[in-house]
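Shown next, in structure tokens, is the structure this report addresses.
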Amino acid sequence: MSNIWELDFYSRPLLDNNNKKIWELLICDRDRQFEWVRECPSTEVNSEWLAKQLAECVESIGDTPIKIRFFRPSMTNIIMRGCKLAGITGQASRRVFTMSAWLAERMASIYPNRDGFQAVDPNPLPLKVLAAQDPKPVPDALMGERWILVSLKAGDFAEAKEWSMDFSELVDISHLDPDTIISGIIIISARATALAAWMSGVDPVFIKFERNLLADRRMQMQLEASADARWVLANLQSPKDQAAIAQGISFEQSKQDAQGFHFLAVQTSPEVEHFAGFWMLKEVV
């Protein structure tokens, strides 16, 4: 079972018999091998109630996660304190792809069938950051020598757990057509292991090629990470980087065609059949 769990603790589009919003706690692992659902009375929405539920969940599952990811800015204090009271590490992060998909399913098929249902929320777990940090450069000592744009088919990831990888985090994409093209960025670095360890620590969410609005000839390859961090992986400027800029534009289109899925890898050399790091990423639009 996965040692990283995902959590959401928030009100749902449901009213109880007293016309009060129904609050709900959802917990799952990254592969949804288990799902934990508990309703919370609106008068008990606090860290103590959450801590009790976390303790009950751990006892029931028979496993303690190394950390629990969540992304609910308005609930950060309650969730972090609840995790601390339960002796579990909480981490605010947008890398909650499983929870996002589960909430979308519940919004489509569970809540509308309940008494007191109000209306479908088209975006039940917003992962957009309203005030993201300014992008920072990757530490100089960890900058890769070059990067490569590559593509695989979704079906190629069926055996990804068997690949040779030091640091990794995969996402189930078996629901995609096996022939769907999944684009990725491979960073080549002599310090691949150190870079991959750093990448793992910042919690990568998605890569985006961002044009400079004030200077159309410039583009940055940015890594969005954790709750609100942004890192610059490469600076591009035409005409000298025109080919790379064209690849960036193609990469963005490929993401759209693959429901936002893409990947990031770190290697010492493209000829080596080993990844120092490999992450499946997703940009949730």
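Only the coordinates and a few stated rules stand behind these numbers; no lab work does. As the structure is a computational prediction, the values presented were derived from the model and not from experiment. We place every Cβ from the backbone using ideal geometry, glycine too, and count neighbours over all the protein chains shown.
Side notes on the structure shown:
- C-alpha center-to-center spacing [region 262-281, region 1-57] in angstrom: 36
- For region 4-113, the Kirkwood estimate of the hydrodynamic radius, built from every pair of different alpha carbons, is 14.1 Å.
- Here region 190-247 is treated as a Stokes sphere of Kirkwood radius computed over C-alpha pairs; at 10 °C and 1.306 mPa s its diffusion coefficient rounds to 127 µm²/s.
- Using the Karplus relation 6.51 cos²θ - 1.76 cosθ + 1.60 with θ = phi - 60°, the per-residue 3J(HN,Hα) values for region 270-281 come to x, 7, 7, 8, 7, 9, 5, x, 8, 10, 7, 10 Hz, with x marking Gly and Pro.
- Here's the picture: charge each Lys and Arg Cβ at +1 and each Asp and Glu Cβ at -1 in region 136-282, and of M165, P239, P137 the one pushed furthest to the positive end of that dipole is P239.
- For region 1-88, the dipole from Cβ point charges (+1 on Lys and Arg, -1 on Asp and Glu) about the Cα centre works out to 360 debye, to the nearest 20.
- 3J(HN,Hα) couplings calculated from phi for region 153-162 with the Karplus curve 6.51 cos²θ - 1.76 cosθ + 1.60 (θ = phi - 60°) are, in sequence order, 8, 4, x, 5, 8, 4, 10, 4, 5, 8 Hz; Gly and Pro show x.
- Over all other residues within a Cβ to Cβ distance under 11 Å of W23, the charged ones net out to -1, with Lys and Arg as +1 and Asp and Glu as -1.
- Across K240/K282; K84/K161; K128/K282; K161/K208, pairs whose alpha-carbon gap is larger than 21 Å: K240/K282; K84/K161; K161/K208
- Relative contact order for region 136-282, counting Cα pairs under 8 Å that sit 6 or more residues apart, in percent: 31
- Under the Karplus curve 6.51 cos²θ - 1.76 cosθ + 1.60, θ = phi - 60°, whole-Hz ³J(HN,Hα) for region 217-226, x wherever Gly or Pro sits: 7, 10, 8, 10, 8, 10, 10, 8, 9, 6
- With contacts taken as Cα pairs under 8 Å and at least 6 residues apart, the chain reaches a relative contact order of 16 percent.
- Residue-averaged 222 nm ellipticity for the chain, from DSSP H runs of 4+ at -39500 (n - 2.57), nearest 500: -7000 deg cm²/dmol
- Magnitude of the charge dipole, region 103-232, Cβ model with Lys/Arg +1 and Asp/Glu -1, debye to 20: 480
- Mean separation of Cα pairs under 8 Å and 6 or more residues apart, divided by the residue count, gives region 4-113 a relative contact order of 27 percent.
- All other residues whose Cβ lies under 14 angstrom from that of I181 are scored, Lys and Arg at +1 and Asp and Glu at -1, for a net of -3.
- Residue among D179, D140, D29 with the largest mean-square fluctuation in a Gaussian network model of the chain, springs linking Cα atoms under 10 Å: D140
- Overall dimensions of the chain as given by Cα atoms, namely Rg and Dmax in Å: 20.3, 65
- Shape category assigned to region 121-183 from the gyration tensor of Cα positions, a/c cut at 1.5: oblate
- In terms of its Cα atoms, region 203-285 spans 37, 31, 25 Å along the principal axes, sorted from long to short.
- Cα centroid separation, region 205-247 to region 136-190: 18 Å.
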